[in-house]
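Step one of this worksheet: look at the structure below.
The values are calculated or read from the model by the stated rules, or taken from the named source; none is laboratory data. If you're wondering where the values come from, they're calculated on a predicted model, not measured in any experiment. Using ideal geometry, Cβ is built from the backbone for each residue, glycine included, and neighbour counts are taken over all protein chains shown.
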Amino acid sequence: MGIFDVYLLEALINGVLLGGVLALLSLGLNLVFGVIDVVWICYAELIMLGMYAMYFLSRVYHAPMVLAAAICIVTVGVLGVLLHVVVIAPLLGAAPINQLLATGGVLFFLQSAATILFGIEFKNLGVRLPVLKVAGMFISYARLLAFGAALIGMVLVYLFLRRTYTGTAIRAIAQDRQIMTLMGVDSRRIYVITSALGGGLAGLAACLLVLQYDVHPFVGLTFGPITFLICVLGGLGNFGGGFVAAFVFAEIISVGGLYLDLEWGYVFAFAFFIAMMFVRPQGLLARRS
Amino acid sequence: MVLSRLSRVLGPLIVTALVLSASPPGAVDAQGKKLKIGVVYDYTGPLAGGGSELQALGAKIMIDHFIKKGGVEGYQIEALYADAQSKPEVAINEAVRLIEQEKVDMLLGFYSSAQCVPAAARIEQLKKFMWITTCISSAVLENRHLKYVFRAQPSGRQFGLMSTDFLAQNAKTKLGKDPKDLRVAIIHEDGAYGVDVSKGNEEGARKAGFNIVLKEGYAATAPDLASLVTKLKRARPDVILHTGYNPDITLFLRQARELGLRFSALIGHGAGYGVYDKLKESLGKDVNYFFNVDPISIWLTNEKALKPGLAGMIKMVGDEYAKARPGTTIRSAHVGMAASNTYVFMTEVLPRAVKKYGGVDADALRKAALDVDLPEGGTMLGFGVKFEGEGAPMAGQNDRAFPVIVQYVDDTAHVVWPKGQQQREPVLPLPDASPYAAQ
């Protein structure tokens, strides 16, 4: 067995595609933290609700996939706003640990509510996308879609933040929330818009993840911790950092898992994370002060 | 005045006569007695949908049946159900809570081997009787010399050996390969259950002389198994022996299809592979011709070969299952497994403990369990029951239990191995119509 063979290339491509999934997951969480300065620990549970929305719209109500996806994105966006208005807003002035515990409480609430409402059975969209074969290698369509969506999502969020008045206000609030409020920016409105955007990105992730994974009330446990780690590795609130961190993490998992036991891929990825916390605690792309 | 005297004399006599006539001499002691059973399964968390909740349903159907009958040997049955939440630490805490606070007489159930291994030690420490209906890892009992823990199920090692025996006997005739040329990959979730089955697979494969091209474990909660699939493609196995829960099984098979993994046969080993409806929902007709090793589904047993009376119980369990889960395509073996193992306890262990050993304490139940001697055909699962006694390496294990291999063909499960139970010839290798079929 040669070290450099077609399987290594396939593992590298798989790593890039997995990175796309992880980047998509981290996008919304980073946005919310960057602007509101609160970590939505329950972010993966919002994705879980989005996956259920897709399942019911598509399988039970037979809505076309594009329409189902649009409704799903809007629904989770609204849930993001609700989360902000009901849980986050009253705690904005509280200690960070209180905010963290509150969103942690929402995590358990959503898991339990989903168990009661939808049951514990694994549900599946039943969509099997065609297999893409390129130069003797196989590429997952679902992963390719997620990768494309992550790239487009990243560009759109960037353009929104750079080219629109609201985006500029969001960036300004992210830089200094006290001063901007004194200068007349309505911070409450900006927070609501950011929460809607963060929720919408969770909805977009849900639309794409449901093509690859079964949905059940605890599916968030599969993605939640790794998404959080990627955001921290990239620097909480740093979109570019999160994006790069997702691909670095995914490649370590993918290539490490090819040459050693699969579990070693995760061991190396987490070891890398710990090492980077010493070397660059502000994140991979943080500017040195 | 006369009436008052008469009532004073006759009153006690009448009461005494009523008491004596109401209950036969032997049953006087048992009046008002109760057996409290703590039932532990996963009703939430990933394991619930992976089979645990179906096992819980099977146990409940049987417990309710005996409650409706008015109990066993004068003992009323009371069941207290606890949710292990798919977490070993919760399983232990719930077991201890049931024993110390709810004062249960014994514990029944347990789906996951990862829970069983530590829970068994704790329950033994508290000197309570534990009747395992499901978890199969040998590590639960092997060389632990537990006195109060009993398992009617076959062990994980037996699961692993069954699939390699099947392959050894069919390699040449069906796959056209000598055993030494058969390329076998063993993949498994890395908990006590997967590790134990994989050890059985490896032992059997080495004995048969197979070429083991890959043996690897993975976390059942892993978000991505693409590297494992790529590695399998590089190893080019003829047969994949897989042990996993759900949703890791469906994730693996979905990624295997997307990444073009090809093989001649896939043999699953219980848990997620035992929940056909979920496999079908996720994978559609791709699940056709997969094999699964499990105790036989009670609805597939040859009823004529079973002890008289068991056919009626199988029908009762099936009817209750249909009421609880209408629209099920293939009735899951999980339900029948827990129902049968609970039935063995209710009909063989409990009556003997009460009648022969005078009660339902852990020692009486233990002695009664060790006395059970059912020949093949003595349970709904087709096997007999005889537990290995004190001093044996697998003390508490049912020595007469064995799994079978079923093959899913067009929404029907057929027993294909062992020969004695075979309902049809196995389809091997995978037909060309399967997206996994080797080119």
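Data for the structure
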item	result
Residue count for the range B:102-139, restricted to those that are over 22 Å from the mean Cα position of the chain (by Cα), more than 21 Å from B:Lys33 (Cβ to Cβ) and in a loop (DSSP other than H, G, I, E, B)	1
Every pair of residues 6+ apart whose Cβ atoms lie under 6 Å, when the first sits in the range A:205-221 and is at negative phi while the second is assigned to a loop (DSSP other than H, G, I, E, B) and of a type in the set (Gly, Ala, Ser)	A:Phe218/B:Gly45
Unmet criterion (only one of (1) touching a strand residue (DSSP E or B) at 6+ places or on another chain (Cβ under 9 Å); (2) within 30 Å of A:Val66 (Cβ to Cβ)) for A:Ile226	(1)
The lone exception for A:Gly104 - which of (1) touching a residue at least 24 places away in the same chain (Cβ under 8 Å); (2) in contact with a helix residue (DSSP H, G or I) (Cβ under 8 Å, 6 or more places away or on another chain); (3) over 13 Å from A:Leu201 (Cα atoms) it fails	(2)
Failed condition for B:Pro351, given (1) closer than 18 Å to B:Leu161 by Cβ; (2) out of contact with any Gly (no Cβ under 6 Å at 6 or more places or on another chain); (3) of a type outside the set (Ser, Thr, Tyr)	(1)
Residues satisfying the stated conditions in the range B:369-406, i.e. touching a Phe, Trp or Tyr at 6+ places or on another chain (Cβ under 6 Å) and of a type in the set (Gly, Ala, Ser)	B:Ala369, B:Gly396, B:Ala401
Hey, A:Gly265 within 16 Å of the chain's Cα centre (by Cα), within 11 Å of chain B (Cβ to nearest Cβ) and under 25 Å from B:Gly217 (Cβ atoms) or not	no
Residue in the range A:233-245 that is at pLDDT 90 or above, out of contact with any Asp or Glu (no Cβ under 6 Å at 6 or more places or on another chain) and surrounded by 24 or more Cβ atoms within 10 Å (Cβ to Cβ) present	yes
In the range B:334-363, the residues that are among the aliphatic types (A, V, I, L, M) and in contact with a Leu (Cβ under 8 Å, 6 or more places away or on another chain)	B:Val335, B:Met337, B:Ala338, B:Val344, B:Val349, B:Leu350, B:Ala353, B:Val360
Listing of helices (runs of 4 or more DSSP H) fully contained in the range B:294-380 that carry 3 or more residues being closer than 18 Å to B:Ile63 by Cα	B:310-324, B:333-344, B:350-357
Which listed residue is without any contact (Cβ under 8 Å) to a residue 12 or more places away in the chain and small (Gly, Ala, Ser), from B:Gly176, B:Gly109	B:Gly176
B:Ala226, sole failed condition from (1) of a type in the set (A, V, I, L, M, F, W, C); (2) over 23 Å from A:Pro225 (Cβ atoms); (3) buried (at least 24 other Cβ atoms within 10 Å of the Cβ)	(2)
Within the range A:133-154, tally of residues that are farther than 15 Å from A:Gln212 by Cα, outside any loop (DSSP other than H, G, I, E, B) and within 12 Å of chain B (Cβ to nearest Cβ)	4
Criterion: under 19 Å from B:Asn292 (Cβ atoms) and at pLDDT below 90 - qualifying residue of B:Gly191, B:Gly156, B:Gly160	B:Gly191
Residue within the range B:295-318 that is modelled with pLDDT of 90 or more and within 14 Å of another protein chain (Cβ to nearest Cβ) present	no
Residue in the range B:257-276 that is among the acidic types (Asp, Glu), part of a helix (DSSP H, G or I) and in the same structural domain as B:Glu202 (by TED's automatic domain parsing) present	yes
Conditions (1) modelled with pLDDT of 95 or more; (2) surrounded by 20 or more Cβ atoms within 10 Å (Cβ to Cβ); number of the one not met by B:Leu80	(2)
Residue that is modelled with the lowest pLDDT [pool: residues in the range B:28-51 that are part of a loop (DSSP other than H, G, I, E, B) and charged (D, E, K, R)]	B:Asp29
Subset of the range B:182-216 [among the hydrophobic types (A, V, I, L, M, F, W, C) and either outside the structural domain of B:Leu253 (by TED's automatic domain parsing) or assigned to a strand (DSSP E or B) (or both)]	B:Val184, B:Ala185, B:Ile186, B:Ile187, B:Ile212, B:Val213, B:Leu214
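The rows are residues; the columns are (1) at pLDDT below 95; (2) farther than 30 Å from B:Thr250 by Cα; (3) crowded, with 20+ Cβ neighbours inside 10 Å; (4) of a type in the set (Phe, Trp, Tyr).
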| site | (1), (2), (3), (4) |
| --- | --- |
| B:Val9 | yes, yes, no, no |
| B:Gly26 | yes, yes, no, no |
| B:Glu53 | yes, no, yes, no |
| B:Pro88 | yes, no, no, no |
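Residues are listed down the side, and each one gets a yes or a no for (1) of a type in the set (A, V, I, L, M, F, W, C); (2) away from every other protein chain (no Cβ under 14 Å):
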{"residue": "B:Thr230", "(1), (2)": "no, no"}
{"residue": "B:Leu241", "(1), (2)": "yes, yes"}
{"residue": "B:Ile249", "(1), (2)": "yes, no"}
{"residue": "B:Gln255", "(1), (2)": "no, no"}
{"residue": "B:Glu258", "(1), (2)": "no, no"}
{"residue": "B:His269", "(1), (2)": "no, yes"}
{"residue": "B:Gly272", "(1), (2)": "no, no"}
{"residue": "B:Tyr276", "(1), (2)": "no, no"}
